[in-house]
Every structure is written in C-alpha cells, then in structure tokens.
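The values are calculated or read from the model by the stated rules, or taken from the named source; none is laboratory data. What you are looking at is a predicted structure, and each value in this text was computed from that prediction instead of being measured. Methodologically, a virtual Cβ is constructed for each residue, glycine included, from the backbone with ideal geometry; neighbour enumeration extends over all protein chains shown. The accessibility values were calculated without ligands, DNA or RNA, using every heavy atom of the protein model including side chains. Shrake-Rupley method; radii C 1.70, N 1.55, O 1.52, S 1.80 Å.
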Amino acid sequence: MDFSDWIGRSETVSDTVTATPYAALSATLDRPADRPPDGTPLPALWHWLYFLPLHRQSEIGPDGHARRGGFLPPVPLPRRMWAGSRFEFHRPVRVGDCVTRVSTIQDVTEKSGRTGPLVFVKVRHEIGTAGAADAPSDPAITEFHEIVYREAPKPGDSAPAPREAPSDAAWEREWRPDDVLLFRYSALTFNGHRIHYDRRYVTETEGYPGLVVHGPLIATLLLDQLRHRLPDAEVARYEFRAVRPTFDTNPFFVCGRPEPDGRTFRLWARDHEGWLTMEATAVIR
C-alpha cells in the first residue's frame, strides 16, 4: 500500500455555530439543556458538533461509514478507529460564529502490529472564526487527529494485555452507557458507524461483546467532569489516546486529578474491572 500521494491533501468546510446542537449535547450529558444565546463560548471539544460529514446515503458502506476514498486515503483494511487527538485552544469559538475548518493530511504511516498490518493517518484541522474560504491565518482551534486502520480479528488472536488504571483519582463519575446514550451521540455527530447502535451487526459481524462506546464521547466526558469542577477554567491544551474499547455491557468511570502545578490535570477512563480504557491530559490557562 502506498498512500504518499495523499499527504498534503486538504479540504475546507464552513459552518455556523448554532444553539440547538449545544443544548442537545448538554441534555445528552445530563446537564441543563437551555439553548444558549449568541456569544456563549463552546466548551472544549464541542466543535465536534459542527462540520458534520454529509455523505449521501448511496455513499455509505456496509459498516455505516462512508465508503473509502475521497479526502481520506482508500485504505483497504476493514476496521477504522479513532486512535487519539491533540488540541490547542487559542481563543473561544462562540455560538453565532461563522466558522471554517481546513483539514490537511499530514502523514500516512504503515506498520506491522500484533494482529497484522496497520495504517495510521494523521490529519491536522485548523478552525477559524472568520468564515473565510481559505485556511484560517489565525486559528481558534488546532486539532491533530490520528486514525488507525487495521485487520479484523482472526480466530485464535489474543487480546493485548490490559493496563491497570491509576488508583489515585481525586474525582470519579460512573456512567452506565445504553442504547439511547450511544444513539443520541451518534445522531449529534452524524456518525453512522453501526458498531455504536446496531447490536446484531456489532456482535455478529464485528465480533464485539456489545455496542462500542464512542472514543470521542469518552474524551468529552473526561473534560465535562473537569469543567463541572472548575466552571471558570479555560482549557488551553488537551490530548487523549484510546487504550482499550469500552462496551455498553457494563458501567465505566471517568476520573481525574490535578498535577502539582495546578494547571495540568491527568484524566483517564477505566472499565468496571479497573482496566485503563483512555488516558488524557488537560492544561488550563
């Protein structure tokens, strides 16, 4: 597989930050759901409610994702997952803003993993608030998104060894994921991937034990808990990495603690058995 021609490709999407998606995600996270007035800053990561992928129904593949090709390289490996992201929040994006996102493929890397070939695609997103058609010269948000493509598991493949989650949480919240929570988040982000809502597909075709909880949802819950505890804090940087899948068959926990500098927070999610499922770091101004 040679996807070097895709490096440097870019696409530009514009949108308007409206109030209803903001209120709908608030309701989904079990927070007050009043529609905010223009000028209300978006919480960190809530820009994911905008610039939604609007693929036609005829362009959707059997897994609910858009068929391979287009902006992202047509990697033939069947499983596509969000591996992690890193963010720099330079200034707020607000309800009522006209926004533009310029996405550029920075790298495509092939590797050999424990279960076969892997392809990592790294995409840089720059989000500006001027509504210009060109790349934002002074972005409000810079996001680095890593996608991993891999083979489907084969009979006899062993699962990777789990890692124990930290035991020194300063706070912790339990979430009990269900079909409705996962459906609502899929709908809010226009994510058709069937592993999040189609139980028959995810267990019979993908071989998972239950519906898969969205990685971005868990990343959002980690920051939501920090925001709930420090409502006046402004996130300057954030990064997360998925470590282990989370399923709707059991509760999971979002945890965190401050570092000694008072500005850095170590955040993580663990499953009901105490295994680490996501690790993250947030830095506030």
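For the stretch 216-269, the tally of residues that are in a loop (DSSP other than H, G, I, E, B) and touching a residue at least 40 places away in the same chain (Cβ under 8 Å) stands at 9. Taking the criterion of being surrounded by fewer than 16 Cβ atoms within 10 Å (Cβ to Cβ) and either in a strand (DSSP E or B) or in contact with a Ser or Thr (Cβ under 6 Å, 6 or more places away or on another chain) (or both), the only residue of the stretch 15-31 that qualifies is THR16.
Among the candidates PRO177, PRO251, PRO258, PRO209, the residue that is open to solvent by less than 20 Å² (accessible area, probe 1.4 Å) and either β-branched (Val, Ile, Thr) or more than 27 Å from PRO139 (Cα to Cα) (or both) is uniquely PRO177.
Only one of the numbered conditions (1) of a type outside the set (D, E, K, R); (2) within 30 Å of GLY116 (Cα to Cα); (3) open to solvent by less than 60 Å² (accessible area, probe 1.4 Å) is violated by ILE7, and that is (3). Annotation note: of THR109, THR100, the sole residue that is in a strand (DSSP E or B), modelled with pLDDT of 85 or more and surrounded by fewer than 19 Cβ atoms within 10 Å (Cβ to Cβ) is THR109. Number of residues in the stretch 83-97 that are within 17 Å of LEU52 (Cβ to Cβ) and either open to solvent by 40 Å² or more (accessible area, probe 1.4 Å) or of a type in the set (Asp, Glu) (or both): the value is 1. Determine whether PHE87 is part of a loop (DSSP other than H, G, I, E, B) and among the aromatic types (Phe, Trp, Tyr). Considered against the rule, which asks whether it is part of a loop (DSSP other than H, G, I, E, B) and among the aromatic types (Phe, Trp, Tyr), PHE87 comes out as no. Among the residues making up the stretch 180-205, those that are in a loop (DSSP other than H, G, I, E, B) and either open to solvent by less than 80 Å² (accessible area, probe 1.4 Å) or within 24 Å of PHE265 (Cβ to Cβ) (or both) are THR189, ASN191, GLY192, HIS193, ASP198. A single entry from ARG124, ARG80, ARG68 fulfils the requirement of being open to solvent by 50 Å² or more (accessible area, probe 1.4 Å) and part of a strand (DSSP E or B): ARG124.
Kindly evaluate ARG237 against the criterion of being open to solvent by 40 Å² or more (accessible area, probe 1.4 Å) and over 19 Å from PRO41 (Cβ atoms). Taking the combined requirement at face value, the residue does not satisfy it.
The number of residues in the stretch 44-62 that are open to solvent by less than 20 Å² (accessible area, probe 1.4 Å) and either not aliphatic (A, V, I, L, M) or not in a helix (DSSP H, G or I) (or both) comes to 6. Within the set GLY256, GLY274, the sole residue that is at pLDDT 95 or above, small (Gly, Ala, Ser), within 16 Å of LEU226 (Cα to Cα) and touching a strand residue (DSSP E or B) at 6+ places or on another chain (Cβ under 9 Å) turns out to be GLY256.
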